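All of the numbers you see were taken from the coordinates with simple rules; none came from a lab. As the structure is a prediction and not an experimental result, all values here were calculated from the model. Cβ placement follows ideal geometry from the backbone for every residue including glycine, while neighbour counts extend to all protein chains displayed.
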């Protein structure tokens with residue numbers, strides 16, 4: 001293999017953990033945060049591309065609204081992969097079916113490329129809006145992690161040998177025809193609204209600034225020691241602000257959606273991912289070493 005770039009996006013640490021685990025198995029790979037590249041790109045001319053010269057390229061990301069996050073979509077659209085021979089994608093999810101791989105294939109097809117292999121890993125849910133939601137227990141995380149490690153060993157062999165493995169296309173994608181068409185529309189609507197009037201901080205807020213630090217899109221700005229979600233900056237819906245607030249002050253408003261239970265429910269972030277780890281994605285620093 002002549003070099004490998006693994007581009008990752010992670011709001012509460014699941015996908016970051018997977019990216020690091022892949023690097024453990026393939027030490028020569030470079031881990032590159034998508035956020036740093038796409039945020040920088042948004043400040044330059046729209047027609048400019050983001051280039052890679054590596055033979056192997058991988059994408060690691062969570063499932064949002066049954067597809068891939070908006071910044072990941074924008075990044076793949078702008079990525080110049082002329083010299084790339086092998087492309088893989090790994091999606092992390094809480095069990096939801098998704099169309100992410102089909103959407104990625106559409107983008108790659110326009111570039112004359114294929115998605116050679118794709119994998120879906122089940123991990124803990126980071127969305128505490130629902131009434132029946134509960135944070136994943138240590139026992140559940142241990143069980144999920146055991147299953148993940150077995151699957152990652154298989155993924156490592158497939159990637160190193162540059163094998164085609166697309167079984168996940170049929171296993172993960174919803175079969176309902178209308179659903180397949182509604183999902184992109186839902187994501188487009190979310191991208192358009194940019195989470196205006198979606199989050200707020202209640203009276204528990206201590207003004208620590210953690211939410212601003214982990215906000216991957218830069219939407220949150222601390223003003224007079226209170227977080228403000230800037231209306232002119234679009235949200236990435238990563239839920240980092242919601243889950244990393246140390247006092248659970250960040251909430252999701254319910255007036256635009258079904259009743260939100262974030263006031264009552266606990267929070268989730270991956271046990272191996274700190275707020276600093278999430279915020280580090282904005283710096284653009286490649287992860288040359290793996291931290292446990």
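Here are a few things to note about the model shown:
- Computed on segment 43-140, with alpha-carbon pairs under 8 angstrom and 6+ residues apart, the relative contact order is 27 percent.
- Label positions at residue 77 and residue 162, each projected 7 Å from the Cα along the C-beta direction, are separated by 3.0 nm.
- Equivalent-ellipsoid semi-axes for segment 4-175 (Cα gyration tensor, √(5λ), whole Å, largest first): 25, 19, 16.
- At q = 0.15 Å⁻¹, base-10 log of I(q)/I(0) for segment 91-169 (Debye sum, equal scatterers on each alpha carbon): -0.68
- In this calculation the C-beta distance from residue 253 to residue 106 is compared with R0 = 30 Å, giving a FRET efficiency of 0.35.
- Estimated at 0.36 nm per residue, the fully extended path between residue 202 and residue 49 surpasses their Cα-Cα distance by 51.0 nm.
- Spin-label pair residue 24-residue 226: with each label point 7 Å from Cα along the Cα-Cβ axis, the two points sit 4.4 nm from one another.
- Between the C-alpha center of segment 89-127 and that of segment 8-85 there is a gap of 12 Å.
- Segments 4-11, 133-140, 155-162, 83-90 sorted - mean Cβ within 10 Å per residue, highest first: 4-11, 83-90, 155-162, 133-140
- With the highest mean first, a sort of the peptides 62-68, 121-127 on other beta-carbon atoms found within 10 angstrom per residue produces 62-68, 121-127.
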